[in-house]
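Comments concern the structure below.
No lab work stands behind these numbers, since they all come straight from the coordinates. Keep in mind that what you see is a predicted model, and the values were worked out from it rather than measured. All Cβ positions, even for glycine, are placed from backbone atoms using ideal geometry, and neighbour counts span all protein chains on display.
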Amino acid sequence: MARPRHIPDRRCVACGNQFPKHELHRVVRTPDGLVMVDPSGKRAGRGAYLCKSLGCWERGVSRAGLERSLGVSISGDTRNEIMDYYHRVVAGQSLVEG
């Protein structure tokens, strides 16, 4: 009989709740120092996770939750790109699921 597969948990940087890794969205600081959303979850670099909640994305991006976790300051343009990703991808998934 096969053993059940281990599902790793990660913590949302905004609300602090733990979720299975596949339910969260990863934002990564690459070795070059760029900050971007990592849809694959496999890009090299320091990662931080956000859950599907709009409030968490707003807190993580605007109140320095991501900056603290990634150890880098995030420019206004990058903040806008991250929030655009939320509105295009994450919010659309939430509407389909709910």
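Couple of notes before you dig in:
- Euclidean distance of C-alpha centroids, segment 6-27 and segment 35-86, integer Å: 13 Å
- Once the Cα atoms are used to define both axes, helix 76-85 deviates from the longest principal axis of the chain by about 30 degrees.
- Which labelled figure in [x] 64, 20, 17; [y] 52, 33, 22; [z] 61, 31, 19 is Cα extents along the principal axes in Å, once derived from the coordinates: [y]
- A simple spin-label model places the labels of residue 54 and residue 79 1.8 nm from each other, with each point 7 Å out along Cα-to-Cβ.
- In this structure, the amide hydrogen of residue 53, modeled 1.01 Å from its nitrogen in the peptide plane, lies closer than 5 angstrom to no residue at least 5 positions away or on a different chain.
- Length-normalised contact order of segment 1-52 in % [C-alpha pairs under 8 Å, at least 6 apart]: 35 percent
- Estimated from helices alone, the mean residue ellipticity of the chain at 222 nm is -9000 deg cm²/dmol (sum of -39500 (n - 2.57) over DSSP H runs with n ≥ 4, per residue).
- Projecting label points 7 angstrom from Cα along Cα→Cβ for residue 68 and residue 30 puts them 2.7 nm apart.
- Here residue 5 and residue 40 are evaluated by their C-beta separation; at R0 = 30 Å the FRET efficiency comes out at 0.95.
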